Amino acid sequence: MSGINGAISLGGALPSPGILVAAKSQWELSLQRDYYDASAFGDSNKQWRPGLRDTQGTYSGLLDLSGDLLFTAASQGAKLLYLYGDSNQGASSVALYEVAHGSGFLDASVTTSLTDMIKMSGQF
């Protein structure tokens, strides 16, 4: 599967009540977990215990000049965010494929260059 129809939505799942975020071309999700060393005398190998998961990620793409939803959301409180590997929006799309969703805070950065489009990236 290609990421050509990948998507990000705010406020809920697609097709509604979620709002499809425009002009983004990449997102990355990390589901890292802390692990604690629980080894003791007499163990023949290290023993590990799982801790809390730290779900976070990044997004990037062009700045939506008509009003970028993620840029606006970065100055507000926690938002409900849905990540799709396939949004069921394009001609080559097979089915809606949700990878993850949850509530979180967003950060945003805008980069302007003489030799490129205005880009936006951020973290959640």
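The values are calculated or read from the model by the stated rules, or taken from the named source; none is laboratory data. Small disclaimer: the values here were computed from a predicted structure and weren't measured. Heads up, the Cβs are rebuilt from the backbone with ideal geometry, glycines too, and the neighbour counts pull from every protein chain shown. Calculation scope for accessible area: heavy atoms of the full protein, side chains included, ligands and nucleic acids excluded. Shrake-Rupley method; radii C 1.70, N 1.55, O 1.52, S 1.80 Å.
General remarks:
- Those aspartates and glutamates that a straight Cα-Cα span of less than 14 Å connects to K79, excepting residues fewer than 8 apart in one chain: D107
- Once the chain from E98 to D116 is taken as fully extended at 0.36 nm per residue, the excess over their C-alpha distance is 3.4 nm.
- Against the compact-protein benchmark of 2.2 N^0.38 Å, the Cα-based radius of gyration of the chain scales to 1.34.
- Shown in residue order for segment 38-47 are the 3J(HN,Hα) couplings computed by the Karplus curve 6.51 cos²θ - 1.76 cosθ + 1.60 at θ = phi - 60°: 10, 5, 9, 3, x, 5, 8, 8, 5, 10 Hz (x for Gly and Pro).
- Relative contact order for segment 32-124, counting Cα pairs under 8 Å that sit 6 or more residues apart, in percent: 26
- Apportionment of accessible area to carbon and sulfur, the chain, percent (1.4 Å): 54
- Heavy-atom surface of the chain, accessible at 1.4 Å and reported per residue (Å²): 67
- Scalar couplings 3J(HN,Hα) for segment 75-88, obtained by applying the Karplus form with A = 6.51, B = -1.76, C = 1.60 to θ = phi - 60°, are 9, 10, x, 4, 10, 7, 10, 10, 10, 10, x, 8, 8, 6 Hz; x denotes Gly and Pro.
- Proximal aspartates and glutamates to K46, defined as alpha-carbon separation beneath 19 angstrom and excluding residues fewer than eight positions away on the same chain: D34, D37
- Here the Gaussian network model covers the chain, with springs between Cα atoms less than 10 Å apart; of S113, S44, S103, S44 fluctuates the most.
- Placing +1 on each Lys and Arg Cβ and -1 on each Asp and Glu Cβ, with no other charges, gives the chain a dipole about its Cα centre of roughly 120 debye.
- Residue among D54, D64, D37 with the largest mean-square fluctuation in a Gaussian network model of the chain, springs linking Cα atoms under 10 Å: D37
- Loop-located chymotrypsin sites (Phe, Trp or Tyr not before Pro) in segment 1-54 (DSSP state other than H, G, I, E, B) with a sparse environment of at most 14 neighbouring Cβ atoms within 10 Å: F41.
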